[in-house]
Amino acid sequence: MIKLSDRLQMIADLIKNGQTVADVGTDHGFLPIFLWESKKSPKVILADISNGSLQKAIDNVQMQNYNEEIVKKYFDFRLGNGIQILENGEVDVVVIAGMGGVLMTEILGQDLVKTKSLNKIILQPRNGQGKLRWWLLNNGFNIKEEKIVREGKFICEIIGAEPINNDPNLIELPKDEEKELKKQSEDIECEVPESILISNGALALEFIEKKLEVELNVFENIKKATLMDYEKVCLSETRIKYLQSLLNKYEKRGD
């Protein structure tokens, strides 16, 4: 059986037995191969916007030496953009991993009816995590899981989200309220939610410490600027206080 990296294994662990899965931006296709081989998913869709990446997935499936009938019946290769390659409710779970969080919001927002027809979305953003969480929470999704896992020198974040209901229609906000919500997408609470501490062990402590270290460096650089931006100073101070409060909670929980 194909062996996954710790990052992909954690994603696989969030998928329930019997769920059909579409891996959007599949690249090498290792996750869908594992899901089928482990009998976790009865059918997998391997999708990518890049013909070269999709071919790589096709080649990797063929290297497993399955017979042609199995490949044709259980592995579905699709070239296309995001979730547009899916029909409404066609699969239980969509996985999008290894791309930016803002790009993920664009992919999911292409068709909210289709996105909300899914039972679950599993996302592993490389950056823009706060904007991605904000988008989910303000477009009718509950964040059910927050996982972190080490991959080389990086600590990767994995988000499991489910639609609150299947109604894609959003309440139209007044312009001033909409502007305020967009501002909130920069909030540290979205970038580093308190729920990240839950069930992530000692790695959560390291994760928050790294975030705090980055913010302290940002704060020092702002103060060194020739024309100091006091609004940025206040924002950075707020972020630092929040991260320090999370560390304090973690340490008390550890006791």
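Taking 7 Å steps out from each Cα toward its Cβ at R78 and H28 produces label points 2.4 nm apart.
A crude spin-label estimate for the pair D111 and E213, with each label 7 Å from Cα along the Cβ direction, gives 4.4 nm. Over the chain, the fraction of Cα-Cα pairs per 5 Å bin, rounded to whole percents and listed from the shortest bin up, is 1, 6, 12, 15, 17, 15, 12, 10, 7, 4, 2, 1, 0, 0. Here the chain has 50 percent of its accessible surface on carbon and sulfur atoms, given a 1.4 Å probe and all protein chains in place. For the chain, the longest principal axis of the C-alpha atoms and the axis of helix 201-224 are separated by about 50°.
For the chain, the longest principal axis of the alpha carbon atoms and the long axis of helix 51-62 meet at an angle near 60°. In order along the stretch 227-239, the phi-based Karplus estimate (6.51 cos²θ - 1.76 cosθ + 1.60, θ = phi - 60°) of 3J(HN,Hα) comes to 10, 6, 8, 5, 5, 5, 4, 5, 4, 5, 4, 5, 5 Hz; Gly and Pro are listed as x.
Cross-link check: pairs K16/K211; K73/K120; K40/K210; K3/K131 evaluated at a Cα-Cα cut-off of 25 Å; pairs beyond the cut-off: K16/K211; K40/K210; K3/K131. Between rounded, prolate and oblate, where does the stretch 1-128 land on the alpha carbon gyration tensor, with a ≥ b ≥ c its root eigenvalues, rounded for a/c under 1.5, else prolate if a/b exceeds b/c? Verdict is rounded for the stretch 1-128. Only DSSP H runs of four or more residues enter the estimate; each adds -39500 (n - 2.57), and after division by the residues of the chain the mean residue ellipticity at 222 nm equals -14000 deg cm²/dmol. Between G98 and Q124, R126, the built amide H atoms are under 5 Å apart, and every one of these is 5 or more places off in sequence or on another chain. The phi torsions of the stretch 65-75, fed into the Karplus equation with coefficients 6.51, -1.76 and 1.60 and a -60° offset, translate into couplings of 6, 6, 6, 4, 5, 5, 4, 5, 7, 10, 10 Hz, rounded to whole numbers, with Gly and Pro shown as x. Once the Cα atoms are used to define both axes, helix 175-184 deviates from the longest principal axis of the chain by about 90 degrees.
The residues of the chain expose, per residue, 54 Å² of accessible area to a 1.4 Å probe. If you plug the beta carbon distance of T238 and E151 into 1/(1 + (r/R0)^6) with R0 = 30 Å, you get a FRET efficiency near 0.50. Going by accessible surface with a 1.4 Å probe and the largest first, K224, K114, K72, K211 read K72, K224, K211, K114. The calculated FRET efficiency for N17 paired with D229, based on their beta-carbon distance and R0 = 51 Å, is about 0.45.
The values are calculated or read from the model by the stated rules, or taken from the named source; none is laboratory data. On a predicted model such as this, the values are computed, not experimentally measured, just so you know. Don't worry about glycine lacking a Cβ; one is built from the backbone with ideal geometry, like all the others, and counts go over all protein chains shown. Accessible surface areas use protein heavy atoms only, side chains included; no ligands, DNA or RNA. Shrake-Rupley method; radii C 1.70, N 1.55, O 1.52, S 1.80 Å.
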